[in-house]
Amino acid sequence: MIKKTITYVDYNGNERTEDHYFDLSKAEIMEMQLSVNGGFDVMLKSIIDAKDIPAISKLFKEIIFKSYGKKSADGIRFEKSEEISRAFSQTGAYSELYMELCTDSKAAAEFINGIIPKGLAKDVEKLQNGNDANKPILSTV
């Protein structure tokens, strides 16, 4: 999970500074990976290698909306919905974040690395190095 403190000007001309939260669960990452033939990571690399700006732009928007949510007061849940994402997209905070990710590759990399679960790289390494008996069924598809 990543917390982004974003300063923007609202539609009344007031400067606001707010904290916004973004996260992708292991299940969401797996769903993204399985939703594309060859894997999401391969598709992402090919888009970046081709310098396909329209596709990169669309991808940033999708990732922002998929990862945006509201943390419950007790910290147990991270609430996400199309309605929550749509509300965020209608703010200056979204515009500031989107522009930052599209114009600053370091900020984009930090954002992507921040929303990916901390233990995910270790899990992927285990799957790649483990024996077949320990691999989940989906990893062999």
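The values are calculated or read from the model by the stated rules, or taken from the named source; none is laboratory data. Computed from a prediction, not measured in an experiment: that's the story for all the values here. Virtual Cβ from ideal backbone geometry, glycine too; neighbours counted across all protein chains shown.
Any idea which residue in the range 1-48 is surrounded by the most Cβ atoms within 10 Å (Cβ to Cβ), counting only those that are within 20 Å of residue 99 (Cβ to Cβ) and basic (Lys, Arg)?
Checking each candidate, the answer is 4.
Could you grab the pairs with beta carbons closer than 6 Å, sequence gap of 6+ or different chains, first residue in the range 13-24 and assigned to a loop (DSSP other than H, G, I, E, B), second one of a type in the set (Ser, Thr, Tyr)?
What qualifies is 23/67; 24/67.
For residue 84, are the conditions met, namely being part of a loop (DSSP other than H, G, I, E, B), among the hydrophobic types (A, V, I, L, M, F, W, C) and over 18 Å from residue 110 (Cα atoms)?
Judged against the criteria, residue 84 is not a match.
Which residues, taken from the range 53-76, are of a type in the set (S, T, N, Q) and either under 15 Å from residue 1 (Cα atoms) or not in a helix (DSSP H, G or I) (or both)? Talk me through it step by step, then tell me what you get.
Initially, the range 53-76 is screened for residues of a type in the set (S, T, N, Q), giving 57, 67, 72.
Residues satisfying the conditions are 67, 72.
Quick one: which residue in 91, 103 is surrounded by 15 or more Cβ atoms within 10 Å (Cβ to Cβ), at negative phi, of a type in the set (S, T, N, Q) and more than 15 Å from the chain's Cα centre (by Cα)?
91
Just checking, how many residues over the range 87-110 are modelled with pLDDT of 95 or more, assigned to a helix (DSSP H, G or I) and touching an Asp or Glu at 6+ places or on another chain (Cβ under 8 Å)?
Total satisfying the criteria: 2.
If a residue must be of a type outside the set (Asp, Glu), under 25 Å from residue 48 (Cβ atoms) and touching a residue at least 24 places away in the same chain (Cβ under 8 Å), how many such residues does the range 89-104 contain?
Selection size over the range 89-104: 7.
Out of 48, 6, which single residue is modelled with pLDDT under 95, among the β-branched types (Val, Ile, Thr) and either in contact with a Ser or Thr (Cβ under 7 Å, 6 or more places away or on another chain) or within 21 Å of residue 109 (Cβ to Cβ) (or both)?
48
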